[in-house]
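These notes concern the structure reproduced below.
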Amino acid sequence: MVAVTHVSNVTGAILPIERIVALAHRAGARVLVDGCQAIPRMPVDVAALGCDFYVFSGHKAYGPSGIGVLWGRYELLAAMPPWQTGGGMITQVTAERTEFQDPPHRFEAGTPDISGAVGLKLALDFIERLGREAIREHEDDLTGYAVDRLSRIPDVNLLKGGQRRLSVLSFTLDGVHPHDVGTVLDQHGVAVRVGHHCAQPLMDKLGIAGTVRASLGVYNDRDDIDALAAAVEACREMFIR
């Protein structure tokens, strides 16, 4: 199994999924794509990608937390045993054997998260109304503006996002721990995430303990980028003489 992100949650890099899928399939591997950062901001066609599984979480798509989506090729799902048993996922039970429902029902044991599913549908409807192309255009503009603003601040090291980057900006400030940067930014009303972002192998490869990450969304504008830059500059003045 090859598991890969569609859009990096650390650098915002858009990965060449079609190429990765082709190489993995050539080696006889299945491919699972983590689309948490991609689904809310760009069109996704699982058939065109060629992947075997695609997943994303509700809270990254402006929906409730605690719910997500798994798409899989039907023939693969049909060959997989259920990971959990309960009401609604069987066709017949006897003392000798249990027969399970066809996918997707065999993987939906017990009472589902009904309220979460309703909330997620409303969130996805919201994205569809805005249009992913419009969202991507908006976030492309903000990403470019943020890269320019942060790159102009001395002692700020912006992680590269490859040839294509979208909506996620990670950086470090020389000599200042990311947690301290995050605390100062919070005091200036700027919310960021700090740490290794569940990507410790990448941090080890880069030789750093973690980063400060700013994530952009449909509700952000250039004023927010200016506020981020101003807070980073204030943090630099506080720690770097």
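Here the spin labels are modelled as points 7 Å beyond Cα on the Cα-Cβ line, and at His188 and Val4 they lie 3.7 nm apart.
Of the residues Arg222, Arg73, the one with the fewest other Cβ atoms within 10 Å heads the list, and the complete ranking is Arg222, Arg73. Rounded to the nearest 0.05, what FRET efficiency do Asp223 and Glu75 give with R0 = 41 Å and r taken as the Cβ-Cβ distance? Could you check? After rounding, the FRET efficiency stands at 0.25. Within a straight-line Cα-Cα reach of under 16 Å, Lys160 can be paired with the following lysines, leaving aside sequence neighbours fewer than 8 residues apart in one chain: Lys205.
To check you understand DSSP bridge types, tell me what percent of the beta bridges within the chain (both residues inside) are antiparallel, rounded to 5. Percentage antiparallel, nearest 5: 75.
Under 17 Å from a label point set 7 Å out along the Cα-to-Cβ vector of His196, the amide N atoms of the range 203-241 belong to 203-213. Place a label point 7 angstrom from the Cα of Lys121 along the Cα-to-Cβ direction, then list the residues of the range 33-64 whose backbone nitrogen is under 20 Å away. Flagged as within label range: 40, 56-64. Applying the Kirkwood pairwise sum to the alpha-carbon positions of the range 55-142 produces a hydrodynamic radius of 15.4 angstrom. Ranking Pro40, Pro81, Gln101 by Cα position along the charge dipole of the range 28-102, where only Lys, Arg, Asp and Glu carry charges on their C-beta atoms, puts Pro40 farthest toward the positive end.
Taking chymotrypsin sites (Phe, Trp or Tyr not before Pro) as exposed when DSSP calls them loop and at most 12 other C-beta atoms lie within 10 angstrom, the chain has its longest site-free stretch at 84-218.
Each 10 Å bin from 0 upward holds the following percent of the Cα-Cα pairs of the chain: 7, 25, 30, 21, 11, 4, 1, 0.
Computed over the chain, the per-residue total of -39500 (n - 2.57) for DSSP H runs of n ≥ 4 gives a 222 nm mean residue ellipticity of -11500 deg cm²/dmol, rounded to 500. Building the convex hull from the alpha-carbon atoms of the range 2-130 and averaging its projection over directions returns 9.4 nm².
For the range 132-239, dividing the convex hull volume of the Cα atoms by the residue count gives 102 Å³ per residue. Approximating the spin labels as points 7 Å out from Cα along Cα→Cβ, the Gln84-to-Arg129 distance works out to 3.1 nm.
Taking the convex hull of the alpha carbon positions in the range 34-90 and averaging its projected area over all directions gives 5.1 nm².
Every number here is computed from the coordinates shown, using simple stated rules; none is lab data. Computed from a predicted model, the values in this text were never measured in an experiment. Note that we place each Cβ from the backbone using ideal geometry, even for glycine, and neighbour counts take in every protein chain shown.
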